[in-house]
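These notes are about the structure you will find just below.
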Amino acid sequence: MKIGLFFGSFNPIHVGHLIIANIMAETTDLQKVWFIVSPQNPFKPSKGLLHEFDRYDMVRAAIHDNFKFEVSDIEFHLPKPSYTIHTLVHLQERHPDKQFKVIVGEDNLERFAHWKNYQQILDNYGLYVYPRPNAQPSHIKLHPNVQMVEAPLLDISATFIRNKIRNNQSVRYLVPDVVAEMIATKKFYL
Ligand code: ATP
């Protein structure tokens, strides 16, 4: 079974993430998409980053009705900072029957050669790449384990959403209703 891994801080998860994940699950040979929530970096505390459990809970609520989606807290339990290759190796050991692919935006390819053990990521796993604005041409695309996937460009970010909340503006339609309710009830991002 092929699984696409979608890494992010998901602070909070929004429709931009969900649309891309759904396209990956519905238009490629990936059978599932796992959302890998990044933990807080203890050495680099980031203001405005919700606790990892709250971000995890919002992802879980957002995806509960899609059987192709799962959320993982695997990186909460791995050494920090998280490196994609460590997470991949760990997941592969735990799930030897599965084939893992990393879902990335095209803008990541420019710096991909600086990722830890990037060649191992390419050779042993592979990338499923969706278009992003201002992505520079990259030779990484030529690797046989890199697959380009057609998807719309969605200019929605968690930063934009957090700013709306801070300004007491609605985030309806930008995040699933259940996420908007959690944000309002728990007074996140105010
Ligand atoms: P922030 O605004 O806080 O930086 P973000 O919206 O970019 O957050 P992340 O949790 O960092 O969200 O995103 C996880 C992954 O999804 C990243 O690789 C990011 O580039 C990608 N991503 C975020 N928003 C979109 C979008 N609208 N379309 C496609 N990819 C996105």
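For region 1-96, what is the relative contact order in percent, using Cα pairs closer than 8 Å and at least 6 residues apart in sequence?
Working: 118 pairs, mean separation 28.8, N = 96.
The value is 30 percent.
Could you check how much of the accessible area of region 2-155 is carbon and sulfur, as a whole percent, using a 1.4 Å probe?
The computed percentage sits at 50.
Pull out the extension gain between T27 and H114, defined as 0.36 nm times the separation in residues minus the alpha carbon to alpha carbon distance; nm, one decimal.
Details: separation 87, 0.36 × 87 = 31.32 nm, distance 2.93 nm.
Value of the extension gain: 28.4 nm.
Quick check on the chain: helices-only [θ] at 222 nm, where DSSP H runs of length 4 and up contribute -39,500 (n - 2.57) each and the sum goes over total residues. Nearest 500, please.
On the way: 7 runs with 65 residues, N = 190.
Counting only the DSSP helices, I get -10000 deg cm²/dmol.
Please report the equivalent ellipsoid semi-axes of region 110-159, computed as sqrt(5 x eigenvalue) of the Cα gyration tensor, largest first, in whole Å.
Values: eigenvalues 93, 34, 23 Å².
Computed over region 110-159, the values are 22, 13, 11 Å.
For the peptides 129-137, 57-65, what is the packing order when you average, over each peptide's residues, the other Cβ atoms within 10 Å and list the highest mean first? Could the numbers behind the result be given before it?
Numbers: 129-137: 14.3, 57-65: 19.2.
Sorting 129-137, 57-65 by mean packing, highest first, produces 57-65, 129-137.
How much length is gained if the chain between L153 and I19 is pulled fully straight, taking 0.36 nm per residue apart and subtracting their Cα-Cα distance, in nm to one decimal?
Length gained between L153 and I19: 47.2 nm.
Within 10 Å, count the other beta carbons around each residue, average over each peptide in 150-163, 115-128, and list them highest first. Mind showing how you got there, number by number?
Values: 150-163: 14.4, 115-128: 16.9.
In descending order of packing, they fall as 115-128, 150-163.
Say the cut-off is 20 Å between C-alpha atoms; which of K47/K164; K32/K187; K68/K186; K2/K68; K68/K187; K164/K186 go over it?
Beyond 20 Å between Cα atoms: K32/K187; K68/K186; K68/K187.
With a cut-off of 19 Å, note down the residues of region 53-97 whose backbone N falls inside the zone around a label point 7 Å from the Cα of H143 toward its beta carbon.
Zone members listed by number: 82-93.
Set the Förster distance to 22 Å, then compute FRET efficiency between F67 and R94 from the Cβ-Cβ distance, nearest 0.05.
Values: r = 21 Å, r/R0 = 0.94.
Once rounded, the FRET efficiency stands at 0.60.
Could you tell me which of rounded, prolate or oblate describes region 2-155, using a ≥ b ≥ c as the square roots of the eigenvalues of the alpha-carbon gyration tensor, with rounded for a/c under 1.5 and, failing that, prolate when a/b is larger than b/c and oblate otherwise?
Numbers: a/c = 1.28, a/b = 1.19, b/c = 1.08.
Rounded is the answer for region 2-155, as its axis ratio a/c remains below 1.5.
If I model a spin label at N167 and K47 as a point 7 Å from the Cα along the Cα→Cβ vector, what separation in nanometres do I get?
My value for the distance between the label points is 1.9 nm.
Determine the distance separating the Cα centre of region 87-104 from the Cα centre of region 146-184; give it in Å without decimals.
28
Using only the Cα atoms of region 69-190, construct the convex hull and provide its projected area averaged over every direction, in square nanometres to one decimal. Can you show the working numbers first?
Values: hull surface 38.9 nm².
Directional mean of the projected Cα hull area for region 69-190 stands at 9.7 nm².
Quick check on region 1-61: take the gyration tensor over C-alpha atoms, sort the square-rooted eigenvalues as a ≥ b ≥ c, and tell me if it's rounded (a/c under 1.5), prolate or oblate.
Prolate.
The values are calculated or read from the model by the stated rules, or taken from the named source; none is laboratory data. As the structure is a prediction and not an experimental result, all values here were calculated from the model. Here the Cβ is made from the backbone with ideal geometry for all residues, glycine too, and neighbour counts use every protein chain on show. Each accessible area value is taken on the protein alone, full model and side chains, heavy atoms only, with ligands, DNA and RNA left out. Shrake-Rupley method; radii C 1.70, N 1.55, O 1.52, S 1.80 Å.
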